[in-house]
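What follows is a set of notes on a single structure, which appears directly below.
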Amino acid sequence: MDFGDGVARHPTQIYYEAVALAALALGLARLQRKPHVEGDVFRVFLVAYLAQACRDDRAGRTAGGRPDRIQWAAVGGLLYYVPDIRRWMRSPR
């Protein structure tokens, strides 16, 4: 893949994101088969998506390397789900 600079690269963004989403889908399908609180499968998906958005380099950075608005919004979303994350960590497997 050429990003316009004439250097051929492996299209890592496409492949690695597809692999990550496939792994997430398998994990969610496995979670769906187990007893769970209604809505938790969707919450797990959102937490995984927001965590990925926090570290996502595609979102870019502001001057000085600080997180941009999308990353701050993802952090806010993750903070919203902290009680659920704590509950998941405490629950027996």
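The values are calculated or read from the model by the stated rules, or taken from the named source; none is laboratory data. All of these numbers come straight from a predicted model, not from anything done at the bench. Using ideal geometry, Cβ is built from the backbone for each residue, glycine included, and neighbour counts are taken over all protein chains shown.
State yes or no: is residue 18 in contact with a Cys (Cβ under 8 Å, 6 or more places away or on another chain) and either at pLDDT 95 or above or on the phi < 0 side of the Ramachandran plot (or both)? Quick ask: steps written out before the conclusion?
Working: in contact with a Cys (Cβ under 8 Å, 6 or more places away or on another chain): no; either at pLDDT 95 or above or on the phi < 0 side of the Ramachandran plot (or both): yes.
Against the criterion (in contact with a Cys (Cβ under 8 Å, 6 or more places away or on another chain) and either at pLDDT 95 or above or on the phi < 0 side of the Ramachandran plot (or both)), residue 18 does not qualify.
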Check the stretch 56-71 and report whether any residue there is at negative phi, assigned to a helix (DSSP H, G or I), exposed (fewer than 10 other Cβ atoms within 10 Å of the Cβ) and at pLDDT 90 or above.
no
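Of the residues that make up the stretch 84-92, is at least one in contact with an Asp or Glu (Cβ under 6 Å, 6 or more places away or on another chain) and modelled with pLDDT of 85 or more? Spell out how you get there, then give the answer.
First, pick out the residues of the stretch 84-92 that are in contact with an Asp or Glu (Cβ under 6 Å, 6 or more places away or on another chain): none.
Within the stretch 84-92, not a single residue is in contact with an Asp or Glu (Cβ under 6 Å, 6 or more places away or on another chain) and modelled with pLDDT of 85 or more.
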